[in-house]
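Below: the structure, in C-alpha cells.
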Amino acid sequence: MIVTRFLLRPLYLLAGKVFGLWARPTVQPAVPTDLLNEAKGAICYVLESGGLADMLALERVCRLEGMPSPSESLNFAGLGDFRRTVVLRRRRGFLIQKPSTKGPTRLRQLVDASIVHHDQALTFVPVAIYWGRSPDKERSFFKLLFSENWDVAGRTRKLFATLIHGRNTLLRYSEPFKLESILTDDLDKSVAWRKVSRILRVHFRHRRAATLGPDLSHQRTLVNVVLRDPQVQKVIEAEADGDLAKQEKAGLKARKYAQEIAAHVSYPTIRMVERFLGWLWNRIYDGIELQHVERLQSVAEDKEIVYVPCHRSHIDYLLLGYIVYHQGLSIPHTAAGINLDMPVIGSILRRGGAFFLRRSFKGNRLYAAVFHAYLHEILVRGHAIEYFVEGGRSRTGRLLQAKGGMLAMTVQSYLQDPRRPIVFVPVYFGYEKLIEGDSFIKELSGEGKKKETLLGLFRSVRSLRDNFGKVYVNVGEPIEIEHLLDETCANWRDIDANDAERPPWMTQVIDQLGFEIMSGINSAAAVTPISLLATGLLSTPKQSMGEVELERQIQLCIDLLQRFQYSESVTQPGWSPADIIAHGLRLGVISRTPHPLGDVISMQERDAVLLTYFRNNVQHLYAIPASIACCFIQGRRLPHAELQRLIRLIYPFMKQELTLQWDFENIDNVTTDAINALIDLGLLSYDDDGTTLVRPAAGSGKAFQLLLLGHAMVPMLQRFYLVIALLVRNGPGKLTRGTLEALCQQSAQRLSMIYGLNSPDFFDKALFHDFIAKLREQDVLRRNSAGSLEFDEDIKLIGEDARLVLGEEIRHSILSLTFSDTPAKDPAASREQP
C-alpha cells in the first residue's frame, strides 16, 4: 500500500496542478480555520461521497486556507499510514459503479481505535462538496444537466460535473465534533460504529436538504397527496352531502384549486433566473449589503425555516431568494398573490418556488382546506417557506400590522406534526430608492390602486437607466415557535391538533407571534445613508438646511443611535456625514445651492414626499428620544417625573403605530436611558435641583439640533390631537368609527395642503384606524348599541398636554378644521402651561 501510494503521489500532485487551473470552489464559512480553534488531537475530514475530484477540491482549499492536508497521514492510535480522510458513501466497481452496501471500513477502524486508545483525541470535520451549486453565475444551459442533486454521482457524471462546474462549486465545512464526546467506555465497537455512521449520515442529509432542498416529488404526486388529506376529504363529502355526482364535481374543483396553488420547482429554472437577477442587481443597484446572515446558517440544518421579511417592494421576494441561494441554502417556497400568476411570468415564478394564494378564503371552505393541506405538506417535507405577514407592501415606510392567516396555518401545521422544529426568521429590507415610489405616493394621495403585475414593475424601472443606490438586508433573531407555545400553553403537546375546533389560546399565540416577528424586523433595521438624510432634512420647514448644519444633524443621529441603542442587530453605514451628503447628491435626491455664507442643501417637493418613506423606515429607532425632544419645543424646563408621565401617556399609541419593542411596564426606564443619551450629547442637562431637565439656551446650536430632533414626532402628535379635537367637537354618541376615520383623513389632508407638511402618510387612513382602535382597546372610546362612539369627559385629558408640544398656530388650525356653528373648544384650554 505504501509503495503504491508512493508511485501514485506524483500523478496525484500533477492532477492537483491541472485541477487548480480550472476549479475554483467557493468556500463556506469564509474563514474555515476558525472551526479548528477548539479542535483537539488528530483532525480527520469526512466526505459524503468520494472521488478524485472531491479530494482535489478539498486538497486545494485546505492548502489555500492553511489547514491540514487531507492526503497526509493521520498518525492516530498507531494505525500507520492512514490518510486523514473518510468517505461515507462509496461506490464500487470499475466500469459500472454502484453504491456500496457496506459501511466505510476506514470509519470502522477509526472508531475501534478510539475505543481502544481512549486517551487519544480524534476530531471529525464533515465537508460537503456540491458541484454546480455555487453562488456564482451559470454560463451555459448545458451545465444545468450536470449540477448537484440528491443522487450520489458516478464516475462519468462526476467527470462532466467537474469539467462543467469546476468554477461553480460549493465546498462547505461543518462544525467539527469530537469522537470522545460520543463514545463511552461500555459501548460495544459495532454499536459505536453504527452510532457514529448514523450521526454523520443524518448530518449530511440535513446539510444537503438545507443546501439543495428536500428531494422533490413531481407536482402531480404532491397534488394527489393534498387531495387525500383527511380535512380536504371531509369538506368534499360535506359539500356533496351524499350525492356521488356532487362529490366527483367537488373533487375536481379541489384538484383545480391544488393545481392553482402548487409550486412546480425546477432547479434549471432557478439557476437561469439567478443569472438574470445577478445581471439585474448589477444594473440598477450599487451593491447588496448583507448582515447577520450567520443566523441562517445556525438554524438551517436541524430546523424548518419560515422566512418572514418586511414587504416594501416586489423586489423583496426575488432578492431574498437570490440571497438564500448565494448562501448555499435551498430556495424557499414563496407565497405569492394570485394576481402574479400571469402567462409566462407565473410559470417562471412557479418553477422558482412560488405557490399562489387568493387574497381571501372567506366563504370557500374547500379552497381553505386545500391550501392548508398544501402548506402542511411542504412544511412536513422539510421545505423552507417564505411569506409576508403584513399581507401587502407598506406604502408609508412603516411596518404594517401582522395578518394572522398564514401564521395560524403554519402553527396549526406544526401542531399536527411537531417532529421538526419551526423557526421564524425576520428579514429587514432597506432600500435607498424604490421602484414603486411614485405609485405609492399616488395611492396615498387618493388615487385608486392599480393592479400589481411584474410587467408593470419592470416597466417602472425606466429602462434600467436609474441608479437605485444600495440595498441593505439584515437577518433578525430567529423566533422558535416551540418556546412561544410552551409559554402560552404548557400542555399543547397533549392536544389533538386535527380537531376542527381551534384551541382558545391559539389567538393569543398568533397575536404574540405576529408582534414578535414585526418587532424582530424593526430590531434588525438597517440605517441607510438616505434614511439619515431624510431624518435630518425633513424636520425643517422647507426641507432645506445649511450644509454644515446638516452634517452636524446627521452626526447627531449617528451618535444618538450609538448611545441609545435600540438593538444590537441595528446596523449603520459607517459613513461620514460629508460622504452621506455626497451620496445623496449622486443619487439626485438632494441638491446643493452655493451661497457666500455657506452652501445650502435642499430637496424638491417630490423628492421630499418620497423621502418620508425612508425616514419612516427608521423612525422607531428615534421615537423615544424624539418624543422627549418634542416636550421641549414650547418650553425650556420640565421635571424628570413629568417627562416620564408624558411619555407614558403617548407610548401605547406610539407602540401601536411604530411597532416598538418595549413593554409599557419598562417605559419609564427606557425614557431615563434616552434622557441620559441626550444629556451625553449636550442636548439636555439637569438644573441645580437634580430633578428638572433644561434644554440649551434658545439660539444655540444644541437647541436647534434638539428642535429638529423633536419635529420628527410632531406629525404623529398632530394626528392624535386631531382625533381628540373631532371627538370633543362632535360630542359623545354622534360619530361612528367609519365616519370619524373619514373626517380625520379629510381634515389631515386639508391641513397637509395648507401647511405643506410634505408627508403623504400624514393623512393615511390606516394610521387613524389604528389610533382609534387603541382608544377603544384602552376603553377611552366605547361603541353604543347604535354603533356610535361614546366617551367620557376624561378624553379631554389626553389633549390637555398638547400645549407642551404643538404650537398655538397648529393647534388653532386643527381646531378650525372642525369648525361648526359653535366655536371649537381647545382640549388643552383647561390646563395652564407649565
Checklist entry - By how many nm would the segment from ARG592 to ILE348 lengthen if fully extended, with 0.36 nm per residue of separation less the alpha-carbon distance? => result 83.4 nm
Checklist outcome for this item: Given Cβ charges of +1 for Lys and Arg and -1 for Asp and Glu, the option among LEU693, PHE762, LEU708 whose Cα lies farthest towards the positive end of the dipole of region 685-787 is PHE762
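Counting other Cβ atoms within 10 Å of each Cβ, which GluC sites (Glu not before Pro) in region 462-559 have at most 15 and sit in a DSSP loop?
The qualifying sites are GLU501.
How much length would be gained if the chain were fully extended between LYS189 and THR33, taking 0.36 nm per residue of separation minus their Cα-Cα distance, in nm to one decimal?
Values: separation 156, 0.36 × 156 = 56.16 nm, distance 3.15 nm.
So the extension gain works out to 53.0 nm.
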Checklist outcome for this item: FRET efficiency (THR488, HIS640; Cβ distance; R0 35 Å; to 0.05) is 0.40
Checklist outcome for this item: For region 578-647, the accessible surface attributable to carbon and sulfur atoms (probe 1.4 angstrom, ligands and nucleic acids excluded) amounts in percent to 53 percent
Next on the checklist: Per-residue counts of other Cβ atoms within 10 Å, averaged by peptide: what ranking do you get for 562-571, 609-618, highest first?
Outcome noted: 609-618, 562-571
Checklist outcome for this item: Pseudo-spin-label distance ASP496 to ASN669, built 7 Å along Cα→Cβ, given in nm, is 4.5 nm
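Need the full-extension length gain, GLN562 to ALA742, defined as separation in residues times 0.36 nm minus the C-alpha distance. One decimal, nm.
On the way: separation 180, 0.36 × 180 = 64.80 nm, distance 4.06 nm.
Full extension from GLN562 to ALA742 adds 60.7 nm.
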Checklist entry - In region 614-642, which residues have a backbone nitrogen under 20 Å from the label point lying 7 Å from TYR686's Cα in the Cα-to-Cβ direction? => result 625, 628-629, 632, 636-642
Next on the checklist: For the pair TRP279/ILE338, report the inter-label distance in nm, with labels modelled 7 Å from Cα in the Cβ direction.
Outcome noted: 3.4 nm
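Tally Lys/Arg at +1 and Asp/Glu at -1 over every other residue whose Cβ is under 15 Å from the Cβ of ILE590; what's the total?
On the way: positive: LYS433, LYS542, ARG586, ARG592, ARG606, ARG615; negative: GLU432, GLU547, GLU549, GLU551, ASP579, ASP599, GLU605, ASP607.
Charge balance near ILE590 sits at -2.
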Next on the checklist: Place a point 7 Å from the Cα of ARG420 along the Cα-to-Cβ direction; which residues of region 265-306 have their backbone N under 14 Å from it?
Outcome noted: 299-306
Checklist outcome for this item: Extend 7 Å from the Cα of LEU64 along its Cα-to-C-beta direction; within region 22-43, residues with backbone N under 15 Å of that point are 22-33
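The values are calculated or read from the model by the stated rules, or taken from the named source; none is laboratory data. A quick note: this is a predicted structure, and the numbers were derived from the prediction, not measured. Backbone-built Cβ (ideal geometry, glycine too); neighbour counts: all protein chains shown. The area values use the complete protein model at the heavy-atom level, side chains included, leaving out ligands, DNA and RNA. Shrake-Rupley method; radii C 1.70, N 1.55, O 1.52, S 1.80 Å.
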